[in-house]
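This report concerns only the one structure given below.
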Amino acid sequence: MMNSETYLDFCFVRNAFGGFAVEIDEMLTKLFKGVRVNWYLEEKSAEGIEMVIAEVKGMSRWQSEDEVISFLEQNGDNCFWEYLQGYKMFVYPAKRGCGSCGDH
């Protein structure tokens, strides 16, 4: 099976305690262990809440967004689901053949 280009955006929110980006980074490190993706985190805080936007991208074995959701349901811990407020994902499976005709 060929790898797919994978782009995942997550929005995590919680009450402000500090160190949220560090916690999200550790959570993603465990969650995506063995998956060839990297991420960039942007942390914001206002009015007693913290928000981390995680932009995850790389190559994966997933062939569809449904496969990513299934993986997250099986592997996401309680904090992942508690903090997750929104997501957007795109999985672009590699196509066989050449780019112009798709036959060779």
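The values are calculated or read from the model by the stated rules, or taken from the named source; none is laboratory data. Quick caveat, the model's predicted, so the values are computed rather than measured. When we count neighbours, we look across all protein chains shown, and the Cβ atoms used for this are built from the backbone with ideal geometry, even at glycine. The accessibility values were calculated without ligands, DNA or RNA, using every heavy atom of the protein model including side chains. Shrake-Rupley method; radii C 1.70, N 1.55, O 1.52, S 1.80 Å.
Roll a 1.4 Å probe over the protein chains and send me the accessible area per residue for the chain in Å². Spell out each step's value before the answer.
On the way: 6830 Å² over 104 residues.
On a per-residue basis, 66 Å².
Check which residues have an amide H placed less than 5 Å from Arg14's amide H, if you skip close sequence neighbours.
Glu50
Relative to the longest principal Cα axis of the chain, at what angle does helix 65-75 sit, 0 to 90 degrees, rounded to 10?
50
To the nearest 10 degrees, how steep is helix 20-31 against the longest Cα principal axis of the chain, on a 0 to 90 scale?
40
Can you compute the FRET efficiency between Leu84 and Met59 using 1/(1 + (r/R0)^6), with r the Cβ-Cβ distance and R0 = 25 Å? Round to the nearest 0.05.
Calculated value: 0.60.
Quick one: which residues, 5+ away or cross-chain, put their amide H under 5 Å from the amide H of Asn3? H built at 1.01 Å from N.
Those lying under 5 Å, H to H, from Asn3: there are none.
Counting only protein heavy atoms, what percent of the accessible surface of the chain is carbon or sulfur at a 1.4 Å probe?
Heavy-atom surface of the chain belonging to carbon and sulfur, 1.4 Å probe: 50 percent.
Please sort by residue number the GluC sites (Glu not before Pro) in the chain whose DSSP state is loop and whose Cβ has at most 12 other Cβ atoms within 10 Å.
Taking the chain and a limit of 12 other Cβ atoms within 10 Å, the loop GluC sites (Glu not before Pro) found are Glu47.
Please identify, among Val56, Val35, Val68, the residue showing maximal mean-square fluctuation in a Gaussian network model of the chain using a 10 angstrom Cα cutoff.
Answer for the Gaussian network model of the chain: Val35.
Convert 37 °C to kelvin, take the viscosity as 0.692 mPa s, use the Kirkwood radius over C-alpha pairs of the chain as Rh, and evaluate the Stokes-Einstein diffusion coefficient in µm²/s, rounded to a whole number.
Answer, rounded: 221 µm²/s.
Stretched out fully, how many nm does the piece from Asp9 to Lys95 gain, at 0.36 nm a residue minus the Cα gap?
Working it through step by step, the gained length comes to 28.6 nm.
For segment 1-41, run through the trypsin sites (Lys or Arg not before Pro) and keep only the ones in DSSP coil with at most 12 other Cβ atoms within 10 Å of their Cβ.
Answer in residue order: Lys33, Arg36.
Taking only the alpha carbons of segment 32-91, what extent do you get along each of the three principal axes, in Å, biggest first?
40, 22, 19
For segment 1-64, run through the chymotrypsin sites (Phe, Trp or Tyr not before Pro) and keep only the ones in DSSP coil with at most 14 other Cβ atoms within 10 Å of their Cβ.
Details: sites: Tyr7, Phe10, Phe12, Phe17, Phe20, Phe32, Trp39, Tyr40, Trp62; in loops: Phe17, Phe32, Trp62.
The qualifying sites are Phe17.
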